[in-house]
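Notes for the one structure printed next.
Every number here is computed from the coordinates shown, using simple stated rules; none is lab data. This one's a predicted model, so the numbers in the text were calculated from it and none came from an experiment. Note: ideal-geometry Cβ built from the backbone for every residue, glycine included; neighbour counts use all protein chains shown.
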Amino acid sequence: MIDKPHKKLEAWRLSFAFVKDVYSITAAFPTEEKFGLVSQIRRAAVSLPANIAEGAGRKSPKEFINFLSISLGSLAELDTLLLLSKELKFLTTEECEGLLKKLNIIGKLIYGLMKSLGYRNEKMAG
């Protein structure tokens, strides 16, 4: 059986592992947040590897870049949600910083992948 192309991408592997970290950490959030913040964080986290995988399965680099861009949007959303979770005392400073550090690495990998596919935007910082 041929392995899927997205499974060879470090951005996908790290974001897939990140989802497992998020599920583990958000399991300790207050029960009343199950359908609020927990659900939003988990959906945004799942969006990272899912969009990388979907983009890798597309035919053109332009389509792949579009899906990577969606992943970056989810990454920015996660950044905000994690900071909010820390402010609300659902995450410790250490937990939040650990997750944000992983997000930063994933973001750099996604930017690098976009650049390798021919994406050019002077406004983007990597």
What ³J(HN,Hα) values, in whole Hz, does the Karplus curve 6.51 cos²θ - 1.76 cosθ + 1.60 give for region 10-18 when θ = phi - 60°, with x put for Gly and Pro? 4, 4, 5, 4, 5, 5, 5, 5, 4
Lysine pairs with alpha-carbon atoms under 18 Å apart, the chain, spacing 8 or more or separate chains: 18
Residue span R43 to D3: 0.36 nm per residue of separation minus Cα-Cα distance leaves a gain in nm of 11.9 nm
In deg cm²/dmol and to the nearest 500, what is the mean residue ellipticity at 222 nm of the chain if only DSSP H runs of at least 4 residues count, each as -39500 (n - 2.57), divided by the residue total? -24500 deg cm²/dmol
Approximate spin-label separation T92-E63, in nm, with each point projected 7 Å along Cα-to-Cβ: 4.6
For region 100-111, 3J(HN,Hα) per residue [Karplus equation, 6.51 cos²θ - 1.76 cosθ + 1.60, θ = phi - 60°, Hz, x = Gly/Pro]: 5, 5, 5, 4, 4, 5, 4, x, 5, 5, 5, 4
For the pair K34 and K20, the simple spin-label estimate (label points 7 Å beyond Cα toward Cβ) gives in nm 2.5
